[in-house]
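Take a look at the structure below.
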Amino acid sequence: MATSDNYDLPDDAVPVFIINGFLEAGKTDFIKFTMDQEYFQTEGTTVLLLCEEGESEYDEKLLKKNHTVVVPVEKETDFNKEYLTSLEEKYHPERFIIEWNGMWNQDDLYDGPMSEKVLSQAQNRPANYEISLPDDWVIYQVITIMDGSTLDLYLNNMKSYMGQMLRKAELAIVNRCDGIADDKLVDYRRKIRAMGQNAMIVLEDKDGEIPQDTLPEDLPYDLSKDMIELKDEDYGTWFVDCMDNPDRYVGKTVKFSAMMLKRKNMPKTEFVPGRMAMTCCAQDMTFLGFIAKGNADALAPYKTRDWVKVTAKISMEERKEYSGEGPVLEVTDLARTAEIADPVTF
């Protein structure tokens, strides 16, 4: 856990760090390691809300050394303003860490006047869920921990819960990847990226972080060509790889079919071409698309939900939509095309 440069906290805000993951994924070990790092030291009190108890426990000496108080939270319903405000008034902490129960509904955490303001500033996306935290609490960082040895089980059977944990994650760590084939790690990475578009993904084995540039390529198009014409079924693969490795697409031209999105207050020279993707389940659809720029007169006849064939050159720009630098499509040709009925799947 580290201080983010994406946004500044209001003076009266209480930062909240959420550590996600299913039982025995390694959340406690991650928090213990982080608490002992110099960059995470603080003079004020840290309140650690413990939402489930695994095999690993917190040493009292470590807690005392790091000015940390552990408060067990046994029921999901305890995450209400009244109870959490009482903890703030009792301990006057500098920050909260929540070791979240992976079986609880996390989506309810991302609302409230303060969190809505900060998340909108940091990631240009609204909070759409019920209020469950005090108004002055700010979700400052979300980290998701996954056990690589059991990840297949959760991807196949509990994808909706994983979607909740990854949707707003800044960092996603897959540990215990020992003995997992490289092509399986590539598959994990692709599925995690689809659910957590803004997360930095880290794969680890007993020797530490696995260099992802050593993993095999699994691309259905020729990356050596200057023009990449995508088949409809390859859009998701391209989108994920362009998110993870944008530099190798800079200067290349891409051609694909997409649905047009024109956001409110967007410049007349911009739009977002993309596809709906089923990242978790049929009830959890996400629009995957990059910012595109074109001639205002050429874009004027089109509206949101129109289907277009886009030809564009890829560049990189600092954009608030990406919370930093990200791919931007410089449109060279645009034409109407037929709708693609099937969503992108991973």
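The values are calculated or read from the model by the stated rules, or taken from the named source; none is laboratory data. Quick caveat: nothing in here was measured; it's all calculated off a predicted structure. Positions of Cβ are backbone-derived with ideal geometry, glycine not excepted, and every protein chain shown enters the neighbour counts. Heads up: the accessible areas ignore ligands, DNA and RNA and are worked out on the full protein's heavy atoms, side chains in. Shrake-Rupley method; radii C 1.70, N 1.55, O 1.52, S 1.80 Å.
Descriptive notes on the structure:
- Assessment of segment 181-203 against the conditions (among the hydroxyl-bearing types (Ser, Thr, Tyr) and under 17 Å from residue 23 (Cα atoms)) yields no matching residue.
- Odd one out for residue 16, checked against (1) closer than 27 Å to residue 167 by Cβ; (2) open to solvent by less than 70 Å² (accessible area, probe 1.4 Å); (3) assigned to a helix (DSSP H, G or I): (3)
- Taking segment 37-55 as the range and being within 18 Å of residue 145 (Cα to Cα) and open to solvent by 70 Å² or more (accessible area, probe 1.4 Å) as the test, the residues that pass are 53, 55.
- Residue that is modelled with the highest pLDDT, among those in segment 3-13 that are surrounded by 13 or more Cβ atoms within 10 Å (Cβ to Cβ) and either aromatic (Phe, Trp, Tyr) or under 15 Å from residue 142 (Cα atoms) (or both): 7
Here is a yes/no grid of residues against (1) open to solvent by less than 20 Å² (accessible area, probe 1.4 Å); (2) closer than 18 Å to residue 106 by Cβ; (3) not aromatic (Phe, Trp, Tyr):
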{"site": "164", "(1), (2), (3)": "no, yes, yes"}
{"site": "169", "(1), (2), (3)": "yes, yes, yes"}
{"site": "180", "(1), (2), (3)": "no, no, yes"}
{"site": "185", "(1), (2), (3)": "yes, no, yes"}
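- Some residue of segment 269-278 being touching a strand residue (DSSP E or B) at 6+ places or on another chain (Cβ under 7 Å), modelled with pLDDT under 95 and open to solvent by 30 Å² or more (accessible area, probe 1.4 Å): yes
- Picking from residues in segment 136-162 that are polar (S, T, N, Q) and crowded, with 18+ Cβ neighbours inside 10 Å, the one that is nearest to residue 13 (Cα to Cα) is 141.
- Yes/no for residue 173 being of a type in the set (Val, Ile, Thr), touching a residue at least 12 places away in the same chain (Cβ under 8 Å) and in a loop (DSSP other than H, G, I, E, B): no
- Qualifying residue in segment 303-318 (condition: without any contact (Cβ under 8 Å) to a residue 40 or more places away in the chain, part of a strand (DSSP E or B), within 16 Å of residue 242 (Cβ to Cβ) and open to solvent by 40 Å² or more (accessible area, probe 1.4 Å)): yes
- Residues (over 21 Å from residue 264 (Cβ atoms), polar (S, T, N, Q) and at pLDDT below 95) located in segment 279-320: 279, 283
- Number of residues in segment 321-346 that are modelled with pLDDT under 95 and among the aliphatic types (A, V, I, L, M) equals 2.
- Subset of segment 319-337 (residues that are within 16 Å of residue 261 (Cα to Cα) and in contact (Cβ under 8 Å) with a residue 40 or more places away in the chain): 321, 329, 334, 337
- Tabulated pairs, segment 72-101, first closer than 15 Å to residue 47 by Cα, second of a type in the set (Gly, Ala, Ser) and loosely packed, with under 15 Cβ neighbours inside 10 Å, C-beta under 7 angstrom, 6+ apart or interchain: 93/44; 94/44
- Screening residue 58 on (1) open to solvent by 70 Å² or more (accessible area, probe 1.4 Å); (2) in contact with a helix residue (DSSP H, G or I) (Cβ under 7 Å, 6 or more places away or on another chain); (3) of a type in the set (Phe, Trp, Tyr) shows it passes everything except condition (1).
- Single condition residue 296 does not satisfy, out of (1) surrounded by 14 or more Cβ atoms within 10 Å (Cβ to Cβ); (2) touching a Pro at 6+ places or on another chain (Cβ under 9 Å): (1)
- One residue stands out in segment 319-346 among those that are farther than 23 Å from residue 231 by Cβ and among the acidic types (Asp, Glu): the one that is surrounded by the most Cβ atoms within 10 Å (Cβ to Cβ), namely 321.
- Enumerated strands (runs of 3 or more DSSP E) restricted to segment 36-154, each holding at least 1 residues that are at pLDDT 95 or above and farther than 30 Å from residue 180 by Cα: 46-50, 68-72, 95-99
- Answer residue from segment 206-222, given it is open to solvent by less than 50 Å² (accessible area, probe 1.4 Å) and modelled with pLDDT of 90 or more and is nearest to residue 30 (Cα to Cα) among those: 208
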